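Enquirer: Just passing along the structure, written as structure tokens.
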Amino acid sequence: MKTYQFTKSQELFKRAAKVIPCGIYGHFSPAPLVPATSYPFYTARSAGARFWDVDGNEFIDYMCAYGPMILGYNHPLVDQAAAKQIQSSNCTTGAPSVMVELAEFMVDLIPAADWVFFAKNGADVTNYSTMIARDATGRKKIVMIKGGYHGASSWMQAPGHHGTIEEDAENIIRIPWNDVPAFEKAIENNPNDIAGFIATPYHVPVFADNEMPDEGYWKKIEALCRKHGIVLIVDDIRHGFRMDIGGSCEYFGFTPDLICFCKALANGYPISALMGSQALKDVTARVFYTGSYWFQAEPMAAALETLKELKRIDGPKKILATGKKLLDGLVKVAKTYGYDLKVTGAPSMPYLRITNDESLMLHQDWCAECTGRGAYFTSHHNWFVSTAHTDEDIQQTLEIADDAFQIIKQQYGDRF
Amino acid sequence: MGHELIKARLNLCAVLKNLEDLVQYDPEMAALSKQWNISIQFSILLGPKAFIEFQNGKCRVGQGKLPKPTIILFFFSPAHLNRMMDGRGFPIPLKGFTKIPFLNGDFQKLTKKLEYYLKPTDELLKDTTYCELNTRFTLNTAAHAIPEIGSLDRVGIHAVSHIQNGDILMKILPDGPAVTLRVRNGNITPVSGETERPMACLYMKNMQVANAFLNAKLDAFTAIASGDVMIKGQTPMLDSMGLVLDRIPLYLG
Ligand SMILES: Cc1ncc(COP(=O)(O)O)c(C=O)c1O
């Protein structure tokens, strides 16, 4: 099987590093890709479930832009709706009318929520959710999960990271995932001082197996929040619309006070949303928060079309099934080489790890070999599946995986 | 823990540790110390104890107390030791008065040479041998500073508490030098050389890259993306280690 070269990506990166701090920063930084030089850095074009890098290499994309793409790149309906909106108006003086249409649609779609507030990025709304929780309760502290990610604002980052100060974490209590007693203890140790509990629907750490909630976990957390007047915030930014069209809380059967959406909301157009219960609507109204582009109409039109289409085709159900097909196939191929490919998380956004080598090196090499043959796999982060991934894509992916396993077997022999 | 105390521990356990390699890799210093049979105990009031021992052409720098040192150097405080290391103070000899000429003479030649290697200039680094030794010493200093900062500095303690068990290998390609940091339950032990089963690896492409990288003249993200520095394995171990390494200049900068 032909393997890829990344000469142009590297050339472009050299230019970038001169004028952009570390060339490509944030979650697109190549640093966690192992080895970084075996991955494409720059995209030239995309369509459906695929993208082509600047070297002309074609990839079946299992990262989906790290979540935003859910219906496939360049989706005709979404792009048409966005283009039509732009032709009439985009960023103007005054709120766009499509905003109301989108809000009504979302409030109908998400059973747990009665209102919606729009912003741009995920951290805009996770941050806002804590402000609302604090204002509603008159309390300071926020409980979050160790290893949980809610964005890059300083309070969200683990202590010790560059640019943060100790005081940023002063009002943050980190407890382990699936640990109800730890939450009870936090409540006991901080009487009447916990404003909010924020967590993702299930735990999605990097470099580690993802963890579903234990039986009854969310119900217990919800009950504790109700009992102690703590605002329950679910960060559905990554999971949203990949598990249930009504929000992931529907999948797990609990009712949060606030829900944060972003990534898949508009199939790649920049928009995030905070949704909430009636009880918090007036509090939200008085907590000032805004941004220059938060009233931009184009992403709202795109979001409306994305959600309509996801609802029409039952997108979450479709990608859960597609993911399962892919994962069953991959696990089977791995087994033929004597490797245990462990899958955790939902099939629509699975985390994979070959358990034979706990250092992850074998797994990293396999992911890089797959990427170099056209199946874009990361080794550190959960993957994403879209409704554009077809049976043919899966078939081709399994062939690539098989070829890559052959290389890995040659390289590692019977060491694992 | 106080700044001066951490700095003193770094000076003793990480900076002076390089004397071991200095007498091995610098021919002039090897010749100078070949016949030495002498040991120096550093004793710091309310501070760490450490020693330097020369025997059979080899040097050993360790923590704790020697039973019968030839020389005992006393310091009133960690700050006193740090002043001496910065060339602004003198120790108080408690034992080995006859050896004072040695301390002021040959031993000083040795420490001056170490200082020469640890304070590079762009001009000096053009010399391959100099660059190689500076790189080796910087790598050693970093490796031995990590356990200290990881157990004494607040940010360091927090970062180290997250590191999983396993060996971290840092190696300069193609043939070294290399150091292994053995992590066991939050304790880190530096071991010189490679490890057979690393949990995480950080490879530097060549001596020039390693020199720039270890002296913080190369941004890690850029270096990794361009392949100058290669990481693999449980790389969160390297992220935590990086946070600890970034603290070194606060004390030794
Ligand atoms: C669960 C979760 N929350 C919040 C965020 C932050 O979103 P953004 O990067 O758009 O601010 C992310 C981004 O990856 C995420 O995965």
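The values are calculated or read from the model by the stated rules, or taken from the named source; none is laboratory data. If you're wondering where the values come from, they're calculated on a predicted model, not measured in any experiment. Don't worry about glycine lacking a Cβ; one is built from the backbone with ideal geometry, like all the others, and counts go over all protein chains shown. For the accessible areas, the whole protein counts, side chains as well, though only heavy atoms, and no ligand, DNA or RNA atoms are used. Shrake-Rupley method; radii C 1.70, N 1.55, O 1.52, S 1.80 Å.
Enquirer: What do you reckon, is B:ASN215 within 16 Å of the chain's Cα centre (by Cα), over 24 Å from B:LEU5 (Cβ atoms) and surrounded by fewer than 16 Cβ atoms within 10 Å (Cβ to Cβ)?
Expert: yes
Enquirer: Can you find a residue in the range A:290-304 that is away from the ligand (no atom under 16 Å from the Cβ), aromatic (Phe, Trp, Tyr) and closer than 26 Å to A:ALA65 by Cβ?
Expert: Scanning the range A:290-304 turns up at least one residue that is away from the ligand (no atom under 16 Å from the Cβ), aromatic (Phe, Trp, Tyr) and closer than 26 Å to A:ALA65 by Cβ.
Enquirer: Here are the criteria: (1) open to solvent by less than 20 Å² (accessible area, probe 1.4 Å); (2) more than 14 Å from the ligand (Cβ to nearest atom); (3) part of a loop (DSSP other than H, G, I, E, B). Tell me which single one A:THR284 does not satisfy.
Expert: That leaves (3) as the condition not met.
Enquirer: Related question: Let me confirm something: among A:PRO191, A:PRO201, which residue is part of a loop (DSSP other than H, G, I, E, B), within 16 Å of the ligand (Cβ to nearest atom) and not aromatic (Phe, Trp, Tyr)?
Expert: Answer to the check: A:PRO201.
Enquirer: Now for a separate question. Pull out all pairs, ordered by first then second residue, where Cβ-Cβ is under 6 Å, the residues are six or more apart or on different chains, the first lies in the range A:188-212 and is farther than 19 Å from A:GLY345 by Cβ and hydroxyl-bearing (Ser, Thr, Tyr), and the second is within 15 Å of the ligand (Cβ to nearest atom) and open to solvent by less than 30 Å² (accessible area, probe 1.4 Å).
Expert: none
Enquirer: Can you name every residue in the range A:138-160 that is open to solvent by 70 Å² or more (accessible area, probe 1.4 Å) and closer than 23 Å to A:ASN210 by Cα?
Expert: Once the filter is applied, which keeps residues that are open to solvent by 70 Å² or more (accessible area, probe 1.4 Å) and closer than 23 Å to A:ASN210 by Cα, the range A:138-160 yields A:LYS146, A:TYR149.
Enquirer: Give the residue that is farthest from the other protein chains (Cβ to nearest Cβ), with candidates limited to residues of the range B:150-197 that are under 20 Å from B:ARG136 (Cβ atoms) and not in a strand (DSSP E or B).
Expert: B:PRO177
Enquirer: Looking at the range A:206-231, which of its residues are away from the ligand (no atom under 14 Å from the Cβ) and within 14 Å of another protein chain (Cβ to nearest Cβ)?
Expert: The answer is A:PHE207, A:ALA208, A:ASP209.
Enquirer: If you don't mind, there's one more thing I want to ask. Need pairs with beta-carbon distance below 7 Å; first residue touching a residue at least 60 places away in the same chain (Cβ under 8 Å) and within the range A:214-231, second surrounded by fewer than 19 Cβ atoms within 10 Å (Cβ to Cβ) and of a type outside the set (A, V, I, L, M); sequence gap 6+ or separate chains.
Expert: Here the result reads none, with nothing in the range A:214-231 linked to a residue that is surrounded by fewer than 19 Cβ atoms within 10 Å (Cβ to Cβ) and of a type outside the set (A, V, I, L, M).
Enquirer: Only one of these conditions is not met by A:MET131: (1) surrounded by 19 or more Cβ atoms within 10 Å (Cβ to Cβ); (2) touching a residue at least 60 places away in the same chain (Cβ under 8 Å). Which number is it?
Expert: Every condition holds for A:MET131 apart from (1).
Here's the yes/no breakdown for (1) polar (S, T, N, Q); (2) open to solvent by 30 Å² or more (accessible area, probe 1.4 Å); (3) under 28 Å from B:ARG60 (Cβ atoms):
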{"position": "B:LYS171", "(1), (2), (3)": "no, no, yes"}
{"position": "B:ASP175", "(1), (2), (3)": "no, yes, yes"}
{"position": "B:ALA178", "(1), (2), (3)": "no, no, yes"}
{"position": "B:ARG182", "(1), (2), (3)": "no, yes, yes"}
{"position": "B:THR189", "(1), (2), (3)": "yes, yes, yes"}
{"position": "B:GLY193", "(1), (2), (3)": "no, no, yes"}
{"position": "B:GLU196", "(1), (2), (3)": "no, yes, yes"}
{"position": "B:TYR203", "(1), (2), (3)": "no, yes, no"}
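Enquirer: Within the range A:155-163, identify whether any single residue is assigned to a helix (DSSP H, G or I), in contact with a strand residue (DSSP E or B) (Cβ under 7 Å, 6 or more places away or on another chain), of a type in the set (Phe, Trp, Tyr) and more than 14 Å from chain B (Cβ to nearest Cβ), and answer yes or no.
Expert: Scanning the range A:155-163 turns up at least one residue that is assigned to a helix (DSSP H, G or I), in contact with a strand residue (DSSP E or B) (Cβ under 7 Å, 6 or more places away or on another chain), of a type in the set (Phe, Trp, Tyr) and more than 14 Å from chain B (Cβ to nearest Cβ).
Enquirer: Could you look through the range A:232-266, keep only residues that are closer than 19 Å to A:ALA321 by Cβ and either part of a loop (DSSP other than H, G, I, E, B) or within 14 Å of another protein chain (Cβ to nearest Cβ) (or both), and pick out the one that is nearest to the ligand (Cβ to nearest atom)?
Expert: Applying the filter and picking the extreme gives A:HIS239.
Enquirer: While we're here: Considering only the range B:38-59, state which residues are without any contact (Cβ under 8 Å) to a residue 24 or more places away in the chain and over 24 Å from B:HIS80 (Cα atoms).
Expert: Of everything in the range B:38-59, those that are without any contact (Cβ under 8 Å) to a residue 24 or more places away in the chain and over 24 Å from B:HIS80 (Cα atoms) turn out to be B:GLN55, B:ASN56.
Enquirer: When you scan the range A:133-157, how many residues do you find that are under 13 Å from A:ILE194 (Cα atoms) and either within 16 Å of the ligand (Cβ to nearest atom) or touching a helix residue (DSSP H, G or I) at 6+ places or on another chain (Cβ under 9 Å) (or both)?
Expert: Residues flagged as under 13 Å from A:ILE194 (Cα atoms) and either within 16 Å of the ligand (Cβ to nearest atom) or touching a helix residue (DSSP H, G or I) at 6+ places or on another chain (Cβ under 9 Å) (or both) within the range A:133-157 amount to 9.
Enquirer: Name every residue in the range B:110-124 that is of a type in the set (D, E, K, R) and under 19 Å from the mean Cα position of the chain (by Cα), in order of residue number.
Expert: B:LYS112, B:LYS113, B:GLU115, B:LYS119
Enquirer: Could you list all residues from the range A:1-23 that are of a type in the set (Phe, Trp, Tyr) and open to solvent by 30 Å² or more (accessible area, probe 1.4 Å)?
Expert: Passing the criteria: only A:TYR4.
Enquirer: When the residues of the range B:228-253 are filtered to those that are hydrophobic (A, V, I, L, M, F, W, C) and within 20 Å of A:PRO30 (Cα to Cα), which remaining residue is farthest from the other protein chains (Cβ to nearest Cβ)?
Expert: Out of the qualifying residues, it is B:MET241.
Enquirer: Here is a follow-up. What are the residues in the range A:127-168 that are among the hydroxyl-bearing types (Ser, Thr, Tyr) and farther than 26 Å from A:ARG286 by Cα, if any?
Expert: Within the range A:127-168, A:TYR149, A:THR164 qualify.
Enquirer: Here is a further query. When the residues of the range A:100-132 are filtered to those that are polar (S, T, N, Q) and closer than 23 Å to A:TYR251 by Cβ, which remaining residue is farthest from the ligand (Cβ to nearest atom)?
Expert: Taking the candidates together, the pick is A:SER129.
Enquirer: In the range A:24-43, is there at least one residue being away from chain B (no Cβ under 14 Å) and open to solvent by 10 Å² or more (accessible area, probe 1.4 Å)?
Expert: Yes, that holds for at least one residue.
Enquirer: Moving on. Scan the range B:216-227 for residues that are in contact with a helix residue (DSSP H, G or I) (Cβ under 7 Å, 6 or more places away or on another chain), within 24 Å of B:LYS119 (Cβ to Cβ) and either at pLDDT 95 or above or facing chain A (nearest Cβ under 9 Å) (or both) and report the count.
Expert: 2
Enquirer: Let me ask you something else. Looking at A:ARG353 and the list (1) within 14 Å of another protein chain (Cβ to nearest Cβ); (2) under 25 Å from A:ASP53 (Cα atoms); (3) outside any loop (DSSP other than H, G, I, E, B), which single condition is not satisfied?
Expert: Only one criterion in (1) within 14 Å of another protein chain (Cβ to nearest Cβ); (2) under 25 Å from A:ASP53 (Cα atoms); (3) outside any loop (DSSP other than H, G, I, E, B) is unmet by A:ARG353, namely (2).
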